[in-house]
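Chemist: Shown below is the structure under consideration.
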Amino acid sequence: MPNTTVMQAKRLGVLTCAPDTTLVSAAQRMTGEDVSALVVVDDDGGLAGIISRTDLLRAWEKGGPWAERTVEQYMSRNVVTVGLETTLGEVTDLLLEGRIHRVVVVRQEGDKVRPVGVVSAADVVYHMLKQESRARSAASG
């Protein structure tokens with residue numbers, strides 16, 4: 001598992017929103033898709049940031065109407081990113097060292113960094129269990 005690349009492990013696709021998306025819309029999308037974050041992209045599809053459930057909690061705590069506030073006001077602009085060939089072992093190190101829950105997998109296209117996926121701590125745990133199951137099957141069979 002540690003040598004499995006993020007491209008081999010990730011779920012296809014990435015759920016995105018625009019910076020001008022309202023907090024209400026972002027929360028509805030996260031709830032409807034059962035995800036804990038959305039990748040924020042600019043008009044050209046380049047990485048602009050990430051908005052998480054925790055960011056939404058911070059916004060809620062500040063008060064005021066969500067329908068009038070945007071993702072751009074609360075998103076994290078400093079996104080931890082990895083390339084397509086990064087291993088799950090390297091991702092695990094980043095998650096633990098940064099005390100974060102996810103990294104965004106990106107591909108460089110000219111001067112743009114385009115998000116192609118997200119690998120979360122839950123994804124890594126899933127692959128850990130899968131590897132453990134295979135190891136047990138091999139040992140008993």
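Chemist: Considering only the range 61-116, how many residues are surrounded by 20 or more Cβ atoms within 10 Å (Cβ to Cβ) and at positive phi?
Modeler: The total comes to 0.
Chemist: Output the helices (runs of 4 or more DSSP H) that fall wholly within the range 41-141 and possess 3 or more residues being more than 18 Å from V6 (Cα to Cα), more than 17 Å from the chain's Cα centre (by Cα) and free of Cβ contacts under 8 Å to residues at least 40 places away in the same chain, or say none. Don't jump to the end; show me each part of the working.
Modeler: Numbers: elements: 53-62, 88-98, 121-140.
Passing ranges, in order: 53-62, 121-140.
Chemist: Are any residues in the range 117-132 among the acidic types (D, E) and surrounded by fewer than 16 Cβ atoms within 10 Å (Cβ to Cβ), and if so, which ones? Give the steps one after another, and end with the answer.
Modeler: From the range 117-132, those among the acidic types (D, E) are 123, 132; that's our starting set.
Within the range 117-132, E132 is the sole residue that qualifies.
Chemist: Then there is this: Looking at this structure, is L38 at pLDDT 95 or above, surrounded by 16 or more Cβ atoms within 10 Å (Cβ to Cβ) and assigned to a helix (DSSP H, G or I)?
Modeler: Answer is no for this residue.
Chemist: Give me the pairs: first residue in the range 15-30 and more than 15 Å from V41 (Cα to Cα), second residue of a type in the set (S, T, Y) and modelled with pLDDT under 95, beta-carbon distance under 8 Å, and six or more apart or on different chains, which are they?
Modeler: M30/S36
Chemist: Identify the residue in the range 1-35 that is buried (at least 16 other Cβ atoms within 10 Å of the Cβ) and among the charged types (D, E, K, R) and, among all such residues, is nearest to V80 (Cα to Cα).
Modeler: K10
The values are calculated or read from the model by the stated rules, or taken from the named source; none is laboratory data. Computed from a prediction, not measured in an experiment: that's the story for all the values here. Counting neighbours? That spans all protein chains shown, and the Cβs are built from the backbone with ideal geometry, glycine included.
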